[in-house]
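Participant: Here you go, one structure.
The values are calculated or read from the model by the stated rules, or taken from the named source; none is laboratory data. Quantities reported herein were computed from a predicted structural model and do not represent experimental measurements. Note that we place each Cβ from the backbone using ideal geometry, even for glycine, and neighbour counts take in every protein chain shown.
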Amino acid sequence: MNFIIYKILFIAKDNFTNIIRSVVSSFGILFLISFFVIYISLRDSVTSYVKGNLFDNLASDEIKILPKNTKEIEFVKRPGSRAIPLSTANTIRKMPDFISVHGVSRIGFTLRVEGEMLGKTKRMYVPVCGVDRDFLKTRTNKWRSFTNRRPVPIIAPKFSIDMLNNYFAMDNIDPIPESELIGFPLTLTFATGARNTEERKTYDFEAEVHSFTDVINIPGVIVPTDFLKEIAQKYYAENRKSAGMEYAVLFAKVKDVDKLPQTVEELKKLGLNIQSQKDVTEKTSKAMRIIDSFSLGVIAIFFLLTSISIFNSYLTIVYIRSKKFSLKRILGYSKLRILFGFIFESACVGALYGLAGYFTGNMIIRYFSVKIPQFLPSLSSITIAESGTDTLFLCIVISSAVSAVSALIPAIFASNINLFKAVRR
Amino acid sequence: MLLSVENINLKFGKRVILNNVSFKADSGKIIAITGKSGCGKTTLLGIVSGLLKPDSGKVLYKNKNILRWGDFRKSHFRNKEIGFVFQFFNLMPDMSSYQNIIFPALLRIFPRNVKKDINNLVEYLNIKDIINHHPETLSGGERQRVAIARAIINKPKMILADEPTGNLDNTTAEDIKNLFIKLKKEENMSLIIVTHDKRLVDIADEHLHLENGILKKTGRQKETKKVKAVKTVKKK
Ligand SMILES: Nc1ncnc2c1ncn2[C@@H]1O[C@H](COP(=O)(O)OP(=O)(O)OP(=O)(O)O)[C@@H](O)[C@H]1O
Ligand SMILES: [Mg+2]
């Protein structure tokens with residue numbers, strides 16, 4: 001037993017210098033694997049972002065109706081913004097093809113939100129859009145209470161929690177968690193017309209925070225469409241003028257999926273831009289293809305550099321140690337054992353780097369997932385998650401394989417050295 | 001018969017090195033092979049140990065042709081069945097004498113504990129002082145003794161020794177000679193010794209001479225051994 005331990009130590013010591021050499025030369029695997037980890041989690045987060053986005057996620061019997069020549073939903077009304085007029089929306093609603101039609105609506109009013117915290121009042125102008133309750137039904141859990149009621153429920157994007165807390169921090173108020181902000185009272189002031197003119201009209205409402213969402217990327221708030229309609233009606237009644245109520249997008253559920261092509265044709269005649277699940281999937285997969293091909297390119301370059309350097313260093317080992325390999329063979333090592341020794345050693349070194357690369361990659365992800373939203377709040381809805389144990393496993397396997405494959409040819413050289421020539425030197 | 005070499009032919013390019021060479025070696029026998037420098041003695045040992053394939057012929061070890069064996073079986077054969085003392089020693093440069101000697105014993109998955117055997121050998125071969133030194137610091141004779149110790153550590157059935165006393169002084173050469181006799185008698189080993197050393201030729205049961213590719217029996221052999229050798233041949 002003692003002697004077996006002696007043997008193991010002996011062999012370990014014998015291989016030590018070789019291992020040091022291969023550890024140094026295999027350093028490139030670290031980059032390969034960390035990049036791989038970043039790529040995997042980036043891909044995951046983009047996929048889940050696209051899938052999870054409230055307005056990008058279509059069921060197979062659902063279509064997305066946009067104004068002509070628009071590709072993305074314009075949540076905020078700007079001069080020249082294209083829209084689906086209420087009349088067109090009504091026409092669509094009346095079409096027999098659909099089970100239901102919901103949308104995102106806009107109004108030609110500015111919104112000022114006012115809130116009070118510990119006796120201090122904060123005011124802020126924010127973009128606003130309206131969403132039908134039934135639209136949320138299939139997409140969020142907390143949809144029932146999103147009705148046109150008082151106080152008016154508003155949905156805010158998740159990153160606004162951080163923004164609010166940053167404001168609070170300026171006044172030395174401790175950060176408030178999401179759960180405590182739900183139900184927070186606010187005052188909404190809708191206004192139209194230039195200040196200090198007769199056209200100027202304002203409407204005040206009591207409101208409360210209904211929920212936060214990270215599946216919508218507008219820098220504003222969402223209120224029930226019915227509530228916006230109420231303001232529009234009130235404004236019309238008082239001024240006999242339109243409040244500029246319109247739809248930015250409509251989502252329609254068809255009765256018969258087979259008839260979808262005809263329906264789409266009809267809608268196109270109305271001058272509308274239609275997207276179905278297929279289009280969204282295509283759009284997503286196109287984005288994915290760009291990410292994939294870029295990443296695979298980088299990975300391929302890393303792979304090439306790494307494997308060349310490993311190959312080269314093992315070849316040097318073979319050259320320097322050819323005498324030793326042949327002696328080992330003469331003393332009884334089989335070809336397979338020489339081969340296996342090489343492969344095993346390089347695989348071990350590879351596995352080590354797989355582990356290191358995994359943690360390095362995750363460290364980079366952790367750093368950037370904190371930094372990115374700080375600089376680009378609009379990207380905060382993309383959460384880059386660290387990769388899990390399955391990725392760790394994958395990393396170790398890939399890394400070992402890369403290392404072992406790179407060492408294979410030198411290993412074959414080493415095991416095929418001409419023994420008789422070797423002993424005559 | 002432990003080893004039977006039959007009709008070996010080998011050419012390097014156009015030059016005939018071995019021409020229809022045959023000989024036999026048995027357990028408990030010493031065979032001395034002599035010949036001019038460059039005549040092919042090392043080459044012959046290389047063929048016997050399976051390091052080199054001849055153009056034609058057979059090398060039967062325990063009636064099996066080792067030339068047909070796969071690498072695995074050959075490796076095992078080299079590790080367990082034979083011990084090779086090379087002309088140029090071929091010690092591992094990055095290992096101490098002790099590590100060089102123990103190395104062949106460590107090759108098996110569950111190695112036999114040979115520490116005691118090594119101590120005895122070290123004592124006998126008088127290499128105690130240099131046991132932890134590396135080959136480059138050793139003299140030719142010291143290297144030769146380490147190489148001999150390495151060749152016999154696994155208690156092989158057959159020793160192939162290429163000029164084993166070439167670098168040794170008289171006393172040490174005498175010790176090696178006695179060691180070989182001891183291995184032959186006590187361990188019943190078969191020894192094939194390529195040598196120019198008269199002392200080793202004298203202890204041989206059979207003396208073969210290689211010239212122009214042809215291997216021939218020469219010289220006088222000890223009476224008793226001769227009788228024995230005839231007996232075994234008759235038995236067959
Ligand atoms: N691979 C080879 N290719 C060509 N010629 C070779 C090769 N190996 C050996 N030789 C030649 O074969 C001949 C026999 O070599 P070998 O080493 O067997 O001689 P030797 O009898 O052991 O000589 P010495 O007593 O000097 O050791 C030599 O002339 C050598 O140059
Ligand atoms: Mg020779």
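Participant: Given the structure, is B:Arg68 away from ligand 1 (no atom under 13 Å from the Cβ), out of contact with any strand residue (DSSP E or B) (no Cβ under 8 Å at 6 or more places or on another chain), farther than 29 Å from B:Ala149 by Cβ and not hydrophobic (A, V, I, L, M, F, W, C)?
Facilitator: On the way: away from ligand 1 (no atom under 13 Å from the Cβ): yes; out of contact with any strand residue (DSSP E or B) (no Cβ under 8 Å at 6 or more places or on another chain): yes; farther than 29 Å from B:Ala149 by Cβ: yes; not hydrophobic (A, V, I, L, M, F, W, C): yes.
It is true that B:Arg68 is away from ligand 1 (no atom under 13 Å from the Cβ), out of contact with any strand residue (DSSP E or B) (no Cβ under 8 Å at 6 or more places or on another chain), farther than 29 Å from B:Ala149 by Cβ and not hydrophobic (A, V, I, L, M, F, W, C).
Participant: Something else: Out of segment B:1-24, which residues are buried (at least 22 other Cβ atoms within 10 Å of the Cβ) and either away from ligand 2 (no atom under 16 Å from the Cβ) or within 20 Å of B:Met189 (Cβ to Cβ) (or both)?
Facilitator: Those that are buried (at least 22 other Cβ atoms within 10 Å of the Cβ) and either away from ligand 2 (no atom under 16 Å from the Cβ) or within 20 Å of B:Met189 (Cβ to Cβ) (or both): B:Leu3, B:Val5, B:Ile8.
Participant: Let me ask another. Of the residues B:Phe89, B:Phe72, only one is among the aromatic types (Phe, Trp, Tyr) and away from ligand 2 (no atom under 13 Å from the Cβ); which?
Facilitator: Values: B:Phe89 fails: away from ligand 2 (no atom under 13 Å from the Cβ).
That would be B:Phe72, the only listed residue that is among the aromatic types (Phe, Trp, Tyr) and away from ligand 2 (no atom under 13 Å from the Cβ).
Participant: Does any residue in segment A:410-425 that is without any contact (Cβ under 8 Å) to a residue 40 or more places away in the chain and farther than 10 Å from A:Leu315 by Cα come within less than 7 Å, Cβ to Cβ, of a residue that is part of a loop (DSSP other than H, G, I, E, B) and within 16 Å of ligand 2 (Cβ to nearest atom) six or more places away or on a different chain, and which pairs are these?
Facilitator: What qualifies is A:Phe420/B:Leu51; A:Phe420/B:Leu52.
Participant: Name the residues in segment B:25-36 that are more than 13 Å from ligand 2 (Cβ to nearest atom) and β-branched (Val, Ile, Thr), would you?
Facilitator: Quick first cut of segment B:25-36, residues more than 13 Å from ligand 2 (Cβ to nearest atom) only: B:25-32.
Residues satisfying the conditions are B:Ile30, B:Ile31.
Participant: Before we move on, is A:Arg78 farther than 30 Å from A:Thr189 by Cα and modelled with pLDDT under 85? Talk me through it step by step, then tell me what you get.
Facilitator: Numbers: farther than 30 Å from A:Thr189 by Cα: no; modelled with pLDDT under 85: yes.
Here the answer is no, as A:Arg78 does not meet what is asked.
Participant: Quick one: which of A:Ile161, A:Ile155 is aliphatic (A, V, I, L, M), buried (at least 16 other Cβ atoms within 10 Å of the Cβ) and free of Cβ contacts under 8 Å to residues at least 60 places away in the same chain? So that I can check it myself, show each step before the final result.
Facilitator: Values: A:Ile155 fails: free of Cβ contacts under 8 Å to residues at least 60 places away in the same chain.
Just a single option satisfies the conditions, and that option is A:Ile161.
Participant: Right, next: Which one is nearest to ligand 2 (Cβ to nearest atom) among residues in segment B:160-200 that are within 14 Å of another protein chain (Cβ to nearest Cβ) and within 21 Å of B:Phe103 (Cα to Cα)?
Facilitator: Of everything passing the filter in segment B:160-200, B:Asp162 is nearest to ligand 2 (Cβ to nearest atom).
Participant: Please work out if A:Ile222 is over 16 Å from A:Ala191 (Cα atoms), part of a strand (DSSP E or B) and β-branched (Val, Ile, Thr).
Facilitator: Details: over 16 Å from A:Ala191 (Cα atoms): yes; part of a strand (DSSP E or B): yes; β-branched (Val, Ile, Thr): yes.
Judged against the criteria, A:Ile222 is a match.
Participant: For residues in segment A:280-301 being more than 19 Å from the chain's Cα centre (by Cα) and surrounded by 12 or more Cβ atoms within 10 Å (Cβ to Cβ), which is nearest to A:Thr70 (Cα to Cα)?
Facilitator: First, pick out the residues of segment A:280-301 that are more than 19 Å from the chain's Cα centre (by Cα): A:297-301.
Filter again for surrounded by 12 or more Cβ atoms within 10 Å (Cβ to Cβ), leaving A:298-299, A:301.
Values: A:Val298: 34, A:Ile299: 36, A:Ile301: 39 Å.
Top of the filtered list is A:Val298.
Conditions (1) within 14 Å of chain B (Cβ to nearest Cβ); (2) assigned to a helix (DSSP H, G or I); (3) touching a Gly at 6+ places or on another chain (Cβ under 6 Å), marked per residue:
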| residue | (1), (2), (3) |
| --- | --- |
| A:Asp279 | no, yes, no |
| A:Ser293 | no, yes, no |
| A:Val298 | no, yes, no |
| A:Thr306 | no, yes, yes |
| A:Leu336 | yes, yes, no |
| A:Phe340 | yes, yes, no |
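Participant: Inspect all residues belonging to segment A:7-18 and state whether any of them is touching a residue at least 60 places away in the same chain (Cβ under 8 Å) and either over 30 Å from A:Ala287 (Cβ atoms) or away from chain B (no Cβ under 12 Å) (or both). Break it down into steps so the answer makes sense when it comes.
Facilitator: Taking segment A:7-18 first, the residues touching a residue at least 60 places away in the same chain (Cβ under 8 Å) are A:15, A:18.
Add one more test, that the residue is either over 30 Å from A:Ala287 (Cβ atoms) or away from chain B (no Cβ under 12 Å) (or both), and what stays is A:15, A:18.
Within segment A:7-18, one or more residues are touching a residue at least 60 places away in the same chain (Cβ under 8 Å) and either over 30 Å from A:Ala287 (Cβ atoms) or away from chain B (no Cβ under 12 Å) (or both).
Participant: Within segment B:167-195, how many residues turn out to be within 16 Å of ligand 1 (Cβ to nearest atom), at pLDDT 90 or above and not in a strand (DSSP E or B)?
Facilitator: So the first thing to find is which residues in segment B:167-195 are within 16 Å of ligand 1 (Cβ to nearest atom), and the list is B:167, B:192-195.
From the residues that got through so far, the ones that are at pLDDT 90 or above too are B:192-195.
Remaining after also requiring not in a strand (DSSP E or B): B:195.
Here the count works out to 1.
Participant: Based on what the data block shows, is A:Leu304 over 23 Å from A:Ile92 (Cβ atoms), at pLDDT 85 or above and surrounded by fewer than 15 Cβ atoms within 10 Å (Cβ to Cβ)? Spell out the reasoning first.
Facilitator: Details: over 23 Å from A:Ile92 (Cβ atoms): yes; at pLDDT 85 or above: yes; surrounded by fewer than 15 Cβ atoms within 10 Å (Cβ to Cβ): yes.
Against the criterion (over 23 Å from A:Ile92 (Cβ atoms), at pLDDT 85 or above and surrounded by fewer than 15 Cβ atoms within 10 Å (Cβ to Cβ)), A:Leu304 qualifies.
Participant: Count, please, the residues in segment B:73-126 that happen to be part of a helix (DSSP H, G or I), at the interface with chain A (Cβ under 8 Å from one of its Cβ atoms) and in contact with a strand residue (DSSP E or B) (Cβ under 9 Å, 6 or more places away or on another chain).
Facilitator: Number of matching residues: 2.
Participant: Here is a follow-up. List, please: which pairs have Cβ atoms under 9 Å, are six or more places apart or on different chains, and start with a residue in segment A:278-289 that is within 17 Å of A:Val264 (Cα to Cα) and end with one that is among the acidic types (Asp, Glu)?
Facilitator: A:Val280/A:Asp56
Participant: Moving to a separate point now. For B:Gly35, state whether it is within 14 Å of chain A (Cβ to nearest Cβ) and near ligand 1 (Cβ under 8 Å from one of its atoms).
Facilitator: Values: within 14 Å of chain A (Cβ to nearest Cβ): no; near ligand 1 (Cβ under 8 Å from one of its atoms): yes.
Judged against the criteria, B:Gly35 is not a match.
Participant: Out of the residues in segment B:56-72 that are more than 14 Å from chain A (Cβ to nearest Cβ) and part of a loop (DSSP other than H, G, I, E, B), which is farthest from B:Pro156 (Cα to Cα)?
Facilitator: By that ranking, first place goes to B:Asn63.
Participant: Do we find that B:Asp129 is of a type in the set (Asp, Glu) and either in contact (Cβ under 8 Å) with a residue 60 or more places away in the chain or within 14 Å of chain A (Cβ to nearest Cβ) (or both) in this structure? Give the steps one after another, and end with the answer.
Facilitator: Numbers: of a type in the set (Asp, Glu): yes; either in contact (Cβ under 8 Å) with a residue 60 or more places away in the chain or within 14 Å of chain A (Cβ to nearest Cβ) (or both): no.
Taking the combined requirement at face value, the residue does not satisfy it.
Participant: Identify all residues within segment B:37-56 that are within 13 Å of ligand 2 (Cβ to nearest atom) and charged (D, E, K, R); write none if there are none.
Facilitator: Result: B:Lys41, single match.
Participant: Just wondering, is there one or more residues in segment B:97-117 that are over 21 Å from the mean Cα position of the chain (by Cα) and either among the acidic types (Asp, Glu) or within 16 Å of ligand 2 (Cβ to nearest atom) (or both)?
Facilitator: No: zero hits.
Per-residue answers, yes or no, for (1) at pLDDT below 90; (2) outside any helix (DSSP H, G or I):
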site: A:Arg149; (1), (2): no, yes
site: A:Ala156; (1), (2): yes, yes
site: A:Phe168; (1), (2): yes, no
site: A:Phe190; (1), (2): no, yes
site: A:Arg195; (1), (2): yes, yes
site: A:Glu199; (1), (2): yes, yes
site: A:Tyr203; (1), (2): no, yes
site: A:Ile216; (1), (2): yes, yes
